[in-house]
Amino acid sequence: MPGTAEHQGERWPLLQSLPFRVVAFLSLALLPIGLLAIWQTESLDETLRARTSLSLVALSELAISGERDVVQQAIGVADGLAVNYQMTASDPETCSAYFRAYRNADPNITFTGFLQADGRIFCSSALAPLTLGPADRIADITQNPMPSFVPQIAADGAVTDPDSIILTRPLTEGDTVLGQIIVALSTERLVGTADLNSTSPPLSLLVFNTDGQIISQQGEVIATDQTALVNAATQQRDGEPVTVMGRNGDGARRVNVIMTLVPGLAYAMTSWAPREGFLASNAIALPSFFLPALMWFASLLVAYFAVHRLVVGPVQELRERMQRFASDRALPQSRTSELLPQELYDLEQTFVDMAYDLIDDEARMENSLREKNVLLKEVHHRVKNNLQMISSIMNMQIRTASSDESRRALRRLQDRVLGLATVHRFIYQSKDLSRVDAAPLMADICAGVFGLLQDLHPGAGHKLDVDHFSLVPDQAVPLSLLIGEVSTNAVQAMSRARHPAPFPHISLRIVAPGTALLRCRSGAIHDPANPKSRAGVGTQLIRAFAMQLGGTLETLDQDGAHTVSLKFPITEGVPDALDY
């Protein structure tokens, strides 16, 4: 089929293969399911994260319940002191007595007092007035219009209590800040207050103010800085707890819960060990589409190998068996017939049945061809025998002929019959009844002529040059008769030869593809004026045979030699037999 090879060369074997197409269509079919699975996985991840966060937030609420109670009590104390200070501000001793009473009533409080704008404290739980510094820090504290937590404050050059934190509560008159009520809380009592749930404490608990300054810390060290804490405090102004992933001081993964301890005043950060799922300590964080993609890839892989195992492999084996059958008619047994799907099993059985039918048909055709060849050989053999019988009858007629002219005419006719019998003998002796080798046929025909030459002219030389090529019977018969006529005429004309050494030289050569040249050169003189040489039976037969061969006949008398040449086309194919 034209263009088939070029078209096959342009194909992409992998893209055109059955497994690839099945995988491609299966991918399209699984795409909606895969997208749905990814969406469900993401939803499950979000649900798991939310539930884990809620559980950690609940545990964190219980873990900071003690600290929240202490801070809220301190805020209540500061509010009470603010009221008492306004009533006793003019009497420092009475005011200090109230402040000492509040301190003594609450074991979590280590100091109470009123900080004036100039940094001096006259009303406090201390026995003597105090001066706080440095001035720039005191100015920032006294002018703050909001309650706040601050670290330790130096009093008269010494630290009041390194294990205490300061709660400031502004005392205002209109928009003017008069000073700050100071309540110092014991850090030890702050962190040591019992929580509502002490069975599941966090790994660390960090309390910090709105400026990111750490108020108290217990447990392991958290890897964080003041900037991160300020950002966390800013996010907590909405009041919703935040769960983030972080690390401790040793680099271990931790889940940090940031929540409000007292709104606008203090915040807490609890640290927990990752517990399960994507929060497990040794777990590798995988994207939500990983599991659906893995399932999709596994499905495609299974589909590919299933198609290759159930379809492609058996089809390739069947193709190999077909190629083997086409090359040498061998039909090997299938190795996987019993494991094939029913459709492929039916296909294989159809091929096996077709192969056996084809073998039977070819066997019948070979038997028929063999019988026809035997019949044709028998026909040619009988034709040859009949021609030889005719030659024998003619030989008997020659012996009884009364005149030499009659005997010569009968002998010429006998030679023609024997030449025709020779062709039929070569046909039935050859393997291919439709072809005859020109070289042995020419040698056999010319052998009788050269024998006659030796009888008539002893010692005369002769030469035969023939190429090996095949002739169909329709060309072998007229060519053999033509050679017989030409060579016989040449031998009979030897008596008139003027050449010092009369000879016949016969050649049959391939001069061009599909073209042969017959040439007979003899040392004989043919008289053009002789009527017999122009209109004799031999001359007429030579022309008729040349016309039958479809060639061009030429004669030439030169240098005491007579040459007859015939160039004719060689029939390549066997011509169709005519239906008479």
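Just one of the numbered conditions (1) open to solvent by less than 80 Å² (accessible area, probe 1.4 Å); (2) modelled with pLDDT of 80 or more; (3) not polar (S, T, N, Q) is not true of residue 396; which one? With (1) open to solvent by less than 80 Å² (accessible area, probe 1.4 Å); (2) modelled with pLDDT of 80 or more; (3) not polar (S, T, N, Q) applied to residue 396, the lone miss is (1).
Report whether or not residue 384 is among the basic types (Lys, Arg), open to solvent by less than 60 Å² (accessible area, probe 1.4 Å) and not assigned by the TED database to the domain that holds residue 478. Here the answer is yes, as residue 384 does meet what is asked. Among the residues of the stretch 368-381, some residue qualifies, meaning at least one is touching a helix residue (DSSP H, G or I) at 6+ places or on another chain (Cβ under 6 Å), within 30 Å of residue 489 (Cβ to Cβ) and either aromatic (Phe, Trp, Tyr) or surrounded by 12 or more Cβ atoms within 10 Å (Cβ to Cβ) (or both).
With the requirement that a residue be assigned to a loop (DSSP other than H, G, I, E, B) and open to solvent by 90 Å² or more (accessible area, probe 1.4 Å), what does the stretch 330-349 give you? Explain how you work it out, then say what you get.
Kept after step one, since they are assigned to a loop (DSSP other than H, G, I, E, B), are these residues of the stretch 330-349: 330-336, 340-341.
Within the stretch 330-349, 333, 335 meet the criteria.
Would it be correct to say that residue 412 is part of a helix (DSSP H, G or I) and at pLDDT below 80? Yes, satisfied. Per the listing 50, 37, 24, the residue uniquely surrounded by fewer than 13 Cβ atoms within 10 Å (Cβ to Cβ) and more than 26 Å from residue 261 (Cα to Cα) is 24. Of the strands (runs of 3 or more DSSP E) that lie entirely inside the stretch 76-163, those containing 2 or more residues that are modelled with pLDDT of 85 or more span 109-116.
Looking for something more than 60 Å from the chain's Cα centre (by Cα), surrounded by 12 or more Cβ atoms within 10 Å (Cβ to Cβ) and closer than 24 Å to residue 187 by Cβ - is there at least one such residue anywhere in the stretch 89-98? So far as the stretch 89-98 goes, no, none of its residues is more than 60 Å from the chain's Cα centre (by Cα), surrounded by 12 or more Cβ atoms within 10 Å (Cβ to Cβ) and closer than 24 Å to residue 187 by Cβ.
The values are calculated or read from the model by the stated rules, or taken from the named source; none is laboratory data. Remember, predicted model here, so these are calculated numbers, not experimental data. Note that we place each Cβ from the backbone using ideal geometry, even for glycine, and neighbour counts take in every protein chain shown. For the accessible areas, the whole protein counts, side chains as well, though only heavy atoms, and no ligand, DNA or RNA atoms are used. Shrake-Rupley method; radii C 1.70, N 1.55, O 1.52, S 1.80 Å.
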